[in-house]
Amino acid sequence: MLNIHHLELFYHVARAGGISRAVKRIPYGIQQPAVSGQVAQLERELDVRLFERSPFKLTAAGAELFAFVEPFFGGLATVEARLREGAVPALRIGAAELALRCHLPAVLERLRKREPRLRLTLRSGFQAELEKWLAERIIDVAVTPLDRKPPRHVRSAPLLKVPLVLQVLKKSPLRSATELWRQRKIEEPLIALPESESAVRRFRRGLQRKGVRWPTAVEASSLEAVTAYVAAGGGIGLNIALPGEKPDPRVRALPLEDFEALEIAALWLGEPGPLVAELLEAAHAYVRKAWPQWAF
C-alpha cells in the first residue's frame, strides 16, 4: 500500500512545478527537506522516477500518477465546502490578544444574533503568525497591522489607523518625546514588540528619519506586557494610543505625532463568504462608532 501522505506531497509538487514552489503552497507547515525525502521515498517504493528536478518536468510515470491522484486531491476543497454547508456555521478568527479580549466580543454580538449556533475558533498571535495561519487556511480571517501590500491571493480591508505612543512612568520628568530626540544617546531601556511587528518597523523608520538609534532592551509578547513592564519601572515602552482601554494609573503616554500611524486591517482569502462578509461589516460599524477619527 502506498503512503497517502506521500501521494499528497507528490500532487502538490506536480501541481506547483517543483518542490520549493510546493512548500509555499502546501496548506500546512512542512519544510523542503521533508518534502524531498518523502517524495524520494515514494519513488523508491514505485521503483520509478516521477519527475526531473532541474528543470522540473514530469516523467511519463509521473504524469500517469498525477492524472490518477489529481481528481481526488484537487476536489477536496469542493467536498469540504459542500460538507460545511450542512454543518454548524463556524468562523476561525486570528488577531492580537488585545483585540480578541477587548473588542471582538462586541463585533461578534451581531453575528451571533444572525447565527445563534455559530461556533468560533479564536487564535492570538503576532502579524507573521496570523499571515501564515491565513495562508495555511488555519483561520478564515486575520485582524492585524498591515505594513505592506498583502500577497496577490490575499484580500484586505483597512479598518482604522492608530497613532503610536511612548509610555513612561507617571512620575517621569519627560513631558514629550521630543526631549528624547535631543539626547545624543538614549539611556532608558526601550520595551517593544518583536522587530518584525508593524508598529516597531514604523517606529524604526521614524527614528531613522531623526537620526536616532535606540535598540530594544526588552522584547515583550504583547502590548499589555509592554505596559506592565513600563509600570514596573523597566523602561520606556512603545505602544499604540487605542482609546477605550482602562489606563494603568502608573503610566503616562507621550504622543509620537510625527511618526506613521499603525494601520489595522482585516485579511482573508478569495471571495468572502456570508459569515466573513458579515464580520467585516460589523467590524467597520464598531470602529466607526468607537473611533470615528481614525476609521476608514
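Only a single item in (1) free of Cβ contacts under 8 Å to residues at least 60 places away in the same chain; (2) more than 24 Å from the chain's Cα centre (by Cα); (3) closer than 25 Å to VAL212 by Cα is not met by LYS289, and it is number (3).
Residue pairs whose Cβ atoms lie under 9 Å apart, separated by 6 or more positions or on different chains, with the first residue in the range 8-23 and farther than 17 Å from ARG49 by Cβ and assigned by TED's automatic domain parsing to the domain that holds LYS57 and the second of a type in the set (Val, Ile, Thr) and modelled with pLDDT under 90, are GLU8/ILE26; HIS12/VAL23; HIS12/ILE26; ALA16/VAL23; ALA16/ILE26; VAL23/ILE30.
Screening the candidates GLU195, GLU179, GLU219, GLU187 for the property of being more than 15 Å from LEU254 (Cα to Cα) and over 21 Å from the mean Cα position of the chain (by Cα) yields one hit, GLU187. Within this structure, ALA61 passes the test of being over 27 Å from the mean Cα position of the chain (by Cα) and outside the structural domain of GLY270 (by TED's automatic domain parsing). For the range 172-223, taking the residues that are in contact with a strand residue (DSSP E or B) (Cβ under 9 Å, 6 or more places away or on another chain) and among the aromatic types (Phe, Trp, Tyr), the one that is surrounded by the fewest Cβ atoms within 10 Å (Cβ to Cβ) is identified as TRP214.
Among the residues of the range 190-204, just one is over 18 Å from ALA241 (Cβ atoms) and assigned to a helix (DSSP H, G or I), namely ARG204. For the range 134-187, the tally of residues that are in a strand (DSSP E or B) and not basic (Lys, Arg) stands at 18. When restricted to residues that are exposed (fewer than 14 other Cβ atoms within 10 Å of the Cβ) and farther than 20 Å from LEU269 by Cβ, the range 10-39 contains 6.
The values are calculated or read from the model by the stated rules, or taken from the named source; none is laboratory data. Quantities reported herein were computed from a predicted structural model and do not represent experimental measurements. Don't worry about glycine lacking a Cβ; one is built from the backbone with ideal geometry, like all the others, and counts go over all protein chains shown.
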